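The values are calculated or read from the model by the stated rules, or taken from the named source; none is laboratory data. It should be emphasised that the depicted structure is a prediction, and the values quoted were computed from it without experimental measurement. Cβ placement follows ideal geometry from the backbone for every residue including glycine, while neighbour counts extend to all protein chains displayed. Areas reflect the complete protein model, heavy atoms only, side chains present, ligands, DNA and RNA absent. Shrake-Rupley method; radii C 1.70, N 1.55, O 1.52, S 1.80 Å.
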Amino acid sequence: MTADAGSADTGGGWVTTHVGPLGFRADISAGNHALVADEPRAAGGTDEGPTPYELLLAALGACTAMTLRMYADRKKWPLEDVRVLLRSSRSHERDCENCEREEVGIHRVERKLELSGSLTDEQRQRLEEIADRCPVKQTMQREIRMESVP
């Protein structure tokens, strides 16, 4: 089953994920792009891709870095490189095992920003503030309504 790709004007198309009859490897398509998610070998996976929680952190990191790049470019600031490091203490495997009985999920994310370039202290401070404005971070901090559609 192929879903409409959509466009940026409509909020985007469907992201499709498929898991076969064996294992946890998930093949993901998003527009023209293919990704893989998996669980570590110790959790019964094949470790062929990041876990779903790692993908969530990757989305947050990518959005943060892109937001900082757009802002610095618009201001014509000398930002040469952005590196966003994120981590959580939650295990996707453990949360999957307990999701029927209790509330699970990431409750805390640690972030480090590494900004390279001849930036002033004020510019660095402003970029730290802008990092908190990335759309994925704002989305994660709100409740998201999940709706099943036909």
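Name the one entry in 79, 119, 113, 86 that is under 24 Å from residue 35 (Cβ atoms) and surrounded by 12 or more Cβ atoms within 10 Å (Cβ to Cβ). Talk me through it step by step, then tell me what you get.
Numbers: 79 fails: under 24 Å from residue 35 (Cβ atoms); 119 fails: under 24 Å from residue 35 (Cβ atoms); 113 fails: under 24 Å from residue 35 (Cβ atoms).
Within the list 79, 119, 113, 86, the selection yields 86.
The residues in segment 38-53 that are open to solvent by 40 Å² or more (accessible area, probe 1.4 Å), touching a residue at least 24 places away in the same chain (Cβ under 8 Å) and in contact with a strand residue (DSSP E or B) (Cβ under 9 Å, 6 or more places away or on another chain) can be counted, and the count is 1.
Of the helices (runs of 4 or more DSSP H) lying entirely inside segment 42-149, those carrying at least 3 residues that are closer than 30 Å to residue 26 by Cα are 52-75, 92-98, 135-140.
Which ones in segment 54-76 are open to solvent by less than 40 Å² (accessible area, probe 1.4 Å) and under 18 Å from the mean Cα position of the chain (by Cα)? Step through it out loud before you land on a result.
Keep residues of segment 54-76 that are open to solvent by less than 40 Å² (accessible area, probe 1.4 Å), which gives 57, 60-61, 63-65, 67-68, 71-72.
Listed by number, the residues that qualify are 57, 60, 61, 63, 64, 65, 67, 68.
Evaluate the following for residue 126: is it surrounded by 11 or more Cβ atoms within 10 Å (Cβ to Cβ), farther than 15 Å from residue 70 by Cα and free of Cβ contacts under 8 Å to residues at least 60 places away in the same chain?
no
Filter segment 6-29 for residues that are open to solvent by 60 Å² or more (accessible area, probe 1.4 Å) and either in a loop (DSSP other than H, G, I, E, B) or among the hydroxyl-bearing types (Ser, Thr, Tyr) (or both); which is modelled with the lowest pLDDT? Of everything passing the filter in segment 6-29, 10 is modelled with the lowest pLDDT. Restricting the search to segment 30-41, which residues are over 27 Å from residue 131 (Cα atoms) and in a loop (DSSP other than H, G, I, E, B)? Residues satisfying the conditions are 32, 38, 39, 40.
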